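The values are calculated or read from the model by the stated rules, or taken from the named source; none is laboratory data. Since the model is a prediction, treat every value here as computed from it, not as a measurement. FYI the Cβ positions are ideal-geometry reconstructions off the backbone, even for glycines, and counts take in every protein chain you see.
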Amino acid sequence: MSATVSPSVTDTFWWPSTVTPWVRAMAIASVVANSLLILTGGLVRLTGSGLGCPTWPRCTDESWTNTAEMGIHGLIEFGNRLLTFVLTVVAVLTFLSVLRLRHQFPRMFLFALLLGIGIPVQALIGGITVLVQLHPLVVGAHYLVSATMIVLATLLVLDTRRAGLATVAYAQRPGQLPGREVPVRLLAAAVGVLSAIILYVGTLVTGTGPHAGDEDSARLAFEPRLITFTHVVPVYLIVATVVIALILGMKQNWPKVLVRAYMLLAGVLVLQGLVGYYQYLNNVPVLSVAIHMVLSAIMIWAATRVCSISFQITKDPTEALADRALARDSDVTEPVL
């Protein structure tokens, strides 16, 4: 049997053997950084800077960076590319923060690993986007990968909080809704599926609209009103799903953590709907589209929380026994969120 080594001897701030505030902070940083990528990518497109750097991986055939002759569009596009380095730093630090936890918490390790792998995938798709002159389907794929990264980062945040904060672990403990697991999980699954449909069809609406990222870029051939209506249908369905969940939650006394998660999602959906209708009725002004994109990142985060919490609290308590034993071995001594 190997000797047990005191965490105070082996731990470092950035490479801990327990779920520390640093681990939770890096998970949150992953959510913020990947959400920021959606914002900066949107600014590139909305300012017509999509081909500000006309080639890839260089900004021009002769230069890795933008030049003064390229003006503001080159600066904006190159700035968006530089964000990849920020994402890389965050991803590496996040991966290191959970590396020694991989046996106790393999899901955390998997999420961090996938977040790291997602960066070169994003860079490659971004390069293809430039090389195909901002084809809207490739631009949409670029956005959807960012959305997936936000989902993974949110799941990582939730896992680190459950493992590192006792109050959160208790609030989201398994087995809280005996006999009601199926409807709770079905509603959560509906939220997840409808959110994915909304995001995908949203990329088609964007690919049909006026904000291509460059004045010479191609547009999808959908009839604008028809594709917008197609986008609205799953929005109405997810709103109905959330309303049903809130009614059942209050009537059946669901755990407060789940009801609050649904209420948060409901608020985001209302804001998204208001902004969406405003931009539709006012010929999609740039500022409203930017706000709509930021809210889409928040919606991804909120919908992921609903799904994760729903499946966590309806889990069979016996399934969590092994995880609890491993968590006890991790010597968590601080309060948990």
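Observations, loosely collected:
- Being among the basic types (Lys, Arg), touching a residue at least 12 places away in the same chain (Cβ under 8 Å), in a helix (DSSP H, G or I) and more than 18 Å from Val19 (Cα to Cα) holds for only one residue in Arg185, Arg161, and it is Arg185.
- Of everything listed in (1) in contact with a Gly (Cβ under 8 Å, 6 or more places away or on another chain); (2) in contact (Cβ under 8 Å) with a residue 24 or more places away in the chain; (3) not polar (S, T, N, Q), the single unmet condition for Pro224 is (2).
- Look at (1) under 23 Å from the mean Cα position of the chain (by Cα); (2) modelled with pLDDT of 95 or more and you find that Gly202 fails only one, number (2).
- Qualifying residue in the stretch 230-253 (condition: in a loop (DSSP other than H, G, I, E, B) and in contact (Cβ under 8 Å) with a residue 40 or more places away in the chain): yes
- Test: Gly276 is within 24 Å of the chain's Cα centre (by Cα), assigned to a helix (DSSP H, G or I), at pLDDT below 95 and buried (at least 17 other Cβ atoms within 10 Å of the Cβ): yes
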